[in-house]
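A short reminder: the numbers here are calculations on the coordinates, not readings from a lab. Not measured: the values here are computed from a predicted model. Counting neighbours? That spans all protein chains shown, and the Cβs are built from the backbone with ideal geometry, glycine included.
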Amino acid sequence: MTPDNGGYMVAAYIVVAVVTVVYAVSLAWRVRKLK
Amino acid sequence: MTRKDKALRLARTGQIVTGAALVALAGIYIRALVFTPVDRLQGPAQKILYVHAPAAVSALTAFAICGILSIVYLGLRDRRLDRAAASSAEVGVALSVAMLISGPLWGKPVWGTWWAWDARLTSTLFIFLLFVGYLIMRDSVVDPDQRARFSAVIGIMGLVLVPFIHVTVYMFRTLHPDPTLLKPSAPSMPGVMLVTLLSSFGVFFMVYVSFVIQRYALADLQELRDEEMLRDS
Amino acid sequence: MRDYVRAVWAIIAKDATVEWRTKTAFSSALVFAILVLSILYFARDRTAVSDLAVAPGALWVTFTFAAMVVLNRAFLLERENNAMEGLLLTPVPRTAIFVGKMGGNLLFVALVELVSVPLFVLFYNVSLTARLPQLILVTAMATVAFVAVGTLLSAMVVRTRFAELMLPVLLLPFLIPPVVGAVQVTVLILAGRPLSDGMGWLKLLAAFDIAFVTLAVLLFEATLDE
């Protein structure tokens, strides 16, 4: 029987997306501050 | 065009490429979550592989590139190399955060444990810590030339350290083997999964490159501002 | 060559004299050693974890902490009196300054280790007399490893804002190979097993020493302002 661990998958995918987007935003924001 | 204009232009380019990379990442997400079959043995958690492994590889590549650029900097003393090395390091740290959180989230359901002191995990954890220290150190050194030299020293030492940590933990593990860990079946992966994984590697690398471009531009702008402040004082 | 050795020795002697007058690094390190050894002795379930099981780790945590205290002091002294500038003005070759600094640190850390071992034997009730030369060998190899890296790092870090915090943060990853190796060999020694059982670890320690002492000597120049 396939284990029911989808929760972990969702959590991991969210974390990776959040980290990536937050860092992208931080870069753009820091550049804007120096304009 | 002034140096500042060039830097702003580069930042803009970086932002556009990042935008494209993030769209591609969304594509990977859809492909992995919807169009890639679920592993019967490991369950849906196995799909974490498609984001964890590429993040890990990109992070480690980032650090390796930092180390290499550091060596070249020490030889050529061109500060642009230092800016590039530092940019790669910061992006590496960001990607490492993604890697270090997604890893245990995968480990718990599949291995039964959040963390395992195996060669790979331990090496990546300590390289991450080293580069966090690297970034903190850069923050505390004011003189750009001194900062560049110190960073190069740490970058090079980090590069040499990595294989040692790997061997250390490997030897420790073969001495004290853990009960069998369910290893993800990488070689015997069906075609559709392999395609998802490989495209994800490509996309994450694109994310890495686009981040480094932006970070480099930012570093340039920061140094410009520091020089201005020095002149004005 | 003779001048080089003389320069190195002079630097070691100078540091030793200064430290002897104040004895602060040595005493702090010693207090740390007693603290760590005692706490680790008590911090376990005695029915589940034997003295022998805790012992190697306790010993090496003690040695590592002691080294950290010594390293922190090493360049602080120079910075306080701007002595480094004076040193750099002399015709002493740069690498000799580093080797001298490293030698001095090695000496102090070795002193603390020397004093910690009897305490260790006392607290943890281990029998060491037959295996002492082997313990000295592995201790020397590991100590050279972290003192080499630590001396280089402290040369940089002492000029930054958060020196006391930065040194352990930067040093930690470099401690893993030598300390893990040293602990594994210490386990063998305390268990009465032959050193040849730990050949792999000893080779690892040797390789690490060669790689990082060389690297540290070569990179020291890059830490100096010109």
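Things worth noting here:
- Per-residue Cβ neighbour rank within 10 angstrom, fewest leading, B:Ile28, A:Ile14: A:Ile14, B:Ile28
- For the stretch B:1-134, the alpha-carbon coordinates run over 57, 33, 17 Å along the three principal axes, in decreasing order.
- Calculated [θ] (222 nm, deg cm²/dmol) that DSSP helices of n ≥ 4 give over chain C, each run adding -39,500 (n - 2.57): -29000 deg cm²/dmol
- Rounded to the nearest Hz, the phi-derived 3J(HN,Hα) couplings of the stretch C:182-190 under the Karplus curve 6.51 cos²θ - 1.76 cosθ + 1.60 (θ = phi - 60°) are 5, 5, 4, 6, 4, 4, 4, 4, 5, where x marks glycine and proline.
- Viscosity 1.567 mPa s, 4 °C: Kirkwood-radius Stokes-Einstein D of the stretch C:64-181 over Cα pairs, µm²/s: 84 µm²/s
- Chain B - percent relative contact order, Cα under 8 Å, separation 6 or more: 39 percent
- Kirkwood's formula applied to the C-alpha pairs of the stretch C:164-226 gives a hydrodynamic radius of 13.6 angstrom.
- Taking a straight Cα-Cα cut-off under 29 Å and skipping sequence neighbours fewer than 8 places away in the same chain, the lysines within cross-link reach of C:Lys101 are C:Lys14, C:Lys23, C:Lys203.
- Selection among B:Leu22, B:Leu125, B:Gly67 by position relative to the dipole of the stretch B:20-132 gives B:Leu22 as farthest towards the positive end (Cβ unit charges, Cα centre).
- Counting other Cβ atoms within 10 Å as a rough exposure proxy, the listed residues B:His52, B:His166 run B:His166, B:His52 from fewest neighbours to most.
- Listed by chain and number, the lysines whose alpha-carbon sits under 17 Å from that of A:Lys35, ignoring those within fewer than 8 places in the same chain, are B:Lys4, B:Lys6.
- Per-residue HN-Hα couplings for the stretch B:120-130 [Karplus 6.51, -1.76, 1.60; θ = phi - 60°; Hz; x = Gly/Pro]: 5, 4, 5, 4, 5, 4, 6, 5, 4, 4, 4
- When the alpha carbon gyration tensor of the protein assembly as shown is reduced to an equivalent ellipsoid, its three semi-axes come out at 42, 34, 17 angstrom, largest first.
- Counting only residues at least eight positions apart within a chain, or on another chain, the lysines with an alpha carbon under 25 Å from that of B:Lys47 are B:Lys108, B:Lys183.
- Efficiency of FRET between B:Arg9 and C:Val18 - r from beta-carbon atoms, R0 60 angstrom, step 0.05: 0.65
- Per-residue [θ]222 nm for chain B (sum of -39500 (n - 2.57) over DSSP H runs n ≥ 4, rounded to 500): -28500 deg cm²/dmol
- Using only alpha-carbon positions in chain C, the gyration tensor eigenvalues give semi-axes of 32, 19, 16 Å once each is multiplied by 5 and square-rooted (largest first).
- For chain A and the stretch B:1-78, distance of Cα centres in Å: 12 Å
- Relative intensity, log₁₀ I(q)/I(0), of the stretch C:82-138 from a Debye sum that treats every alpha carbon as a point, q = 0.26, 0.27, 0.31 Å⁻¹: -1.07, -1.11, -1.20
- The order of B:Ser102, B:Ser233, B:Ser123, going from fewest to most other C-beta atoms within 10 Å of their C-beta, is B:Ser233, B:Ser123, B:Ser102.
- Principal semi-axes in Å for chain B [√(5λ), Cα gyration tensor, largest first]: 36, 23, 12
- Options C:Met166, C:Ser28, B:Leu41, ranked by Cα towards positive dipole end of the protein assembly as shown, top entry (Cβ charges): B:Leu41
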